[in-house]
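The block underneath contains the structure these notes are about, expressed in structure tokens.
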Amino acid sequence: MELNCRKSQLGKPGKLRVKVNLLYRTPHIHKDYEISLVVDGTLMLINPTSQTQLNAGDFFVMNPFLSHELKARTPALILSLQVSSAFFSSCYPQIEQIAFDTTRILSVQNPDTCNMVRSLLFKLAYTYYGREDYAPVKCASIIHQLFFYLLTTQKHHTVLEKEKQAAVTKGTRIWDILRYTEEHYTDKILLSDIARRENLDLYYLSHFFKESVGISFQNYVTRLRCEKARQLLLLSDYSLLDISMICGFSDPKYFNKGFQVQYGCTPKAYRKDFQNARLEPQQKSMLTTQEFLSESASLVTLEKYISPKELLTEPSLF
């Protein structure tokens, strides 16, 4: 689960998030560009056609409406920026039809690129969370620098208007389906229910969902329920049977099977390991179940990974 330090308007449409101790994020999409840096730890970036291991120092660029999933064996720290194409409407409206060709950039292969993106993202976070004078102006400037750097160094292509509209229509439908499912995962929810709601043929929707998200609808629902159950295992004293029922499983055996596949152990073993864990790992696991972190805590967390000298040094884009 991710920790959102703050969902902020950076002058125009945009969100700056610090995902602390992320263990798992179900398949999801954003309507914006997403640029995420792995600050600490290792995770798998999974999309419908591929999966890539990302280590500390690597980053990924996600085009709007592209489904992706994040999974880590141990808690990872991620600094993430989401920016709507509308942010650039007054200076570069053409970005509405631009898509980056490569979604993940590895520091081993592209150390200079990763260092530059790291520097700009940290400056952006430090400026915002540090409440510098005229912070919104400086944040907007850094975002423009970041996208200027990516556009001039990373391969991208222009999407035809017809293709763009098709992608938006497809992405919006998936976004609505995922949101509806997350709001109703505790109920008995079937793909046939979604098909009726969307006025779509069941066979078509089944293929459409798997093609868009990379897994079947039932698999997605199971993963979502297991993640919600994992949080209850850590933060409540509910019995396993109660958690199974609360999270929408029709039978505890489906809960156990799905949890085993997703986390590599049974729910009972997961809770026991947490209860027996040393304090620091236990605190980390607890953090993965929270939704917000204060701005001061966000700043303290990030300051552990960057020196004051590095923050004061202006990056040379070329």
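The values are calculated or read from the model by the stated rules, or taken from the named source; none is laboratory data. All of these numbers come straight from a predicted model, not from anything done at the bench. Because the Cβ atoms are built from the backbone with ideal geometry, glycine has one as well, and the counts that use them run over all protein chains shown.
Scan the range 45-83 residue by residue and report those that are among the hydrophobic types (A, V, I, L, M, F, W, C), closer than 11 Å to Arg104 by Cα and out of contact with any helix residue (DSSP H, G or I) (no Cβ under 8 Å at 6 or more places or on another chain). Leu45, Ile46, Leu54, Phe60, Met62 - these are the residues of the range 45-83 that are among the hydrophobic types (A, V, I, L, M, F, W, C), closer than 11 Å to Arg104 by Cα and out of contact with any helix residue (DSSP H, G or I) (no Cβ under 8 Å at 6 or more places or on another chain). In this structure, Asn110 does satisfy being among the polar types (S, T, N, Q) and either surrounded by 17 or more Cβ atoms within 10 Å (Cβ to Cβ) or under 22 Å from Phe88 (Cα atoms) (or both). Taken over the range 33-70, the criterion of being part of a strand (DSSP E or B), among the small types (Gly, Ala, Ser) and at pLDDT 90 or above is satisfied by Ser36 alone.
Considering only the range 138-157, I want to know if a residue exists there that is assigned to a helix (DSSP H, G or I), hydroxyl-bearing (Ser, Thr, Tyr) and loosely packed, with under 14 Cβ neighbours inside 10 Å.
The answer is yes, given that some residue of the range 138-157 is assigned to a helix (DSSP H, G or I), hydroxyl-bearing (Ser, Thr, Tyr) and loosely packed, with under 14 Cβ neighbours inside 10 Å.
Can Thr127 be described as in contact with a helix residue (DSSP H, G or I) (Cβ under 8 Å, 6 or more places away or on another chain), under 20 Å from Ile35 (Cα atoms) and crowded, with 17+ Cβ neighbours inside 10 Å? Judged against the criteria, Thr127 is a match.
Quick one: in the range 276-311, of everything that is of a type in the set (Val, Ile, Thr) and either at pLDDT 75 or above or loosely packed, with under 11 Cβ neighbours inside 10 Å (or both), which residue is nearest to Lys228 (Cα to Cα)? Ranking the candidates gives Thr301 first.
Out of Ser119, Ser90, report the one residue that is among the polar types (S, T, N, Q) and part of a loop (DSSP other than H, G, I, E, B).
Ser90 is the lone residue from the list that is among the polar types (S, T, N, Q) and part of a loop (DSSP other than H, G, I, E, B).
Considering every residue within the range 140-161, establish whether at least one is within 20 Å of Val83 (Cα to Cα), in the same structural domain as Asn110 (by TED's automatic domain parsing), small (Gly, Ala, Ser) and modelled with pLDDT under 95. Yes - at least one qualifying residue is present in the range 140-161.
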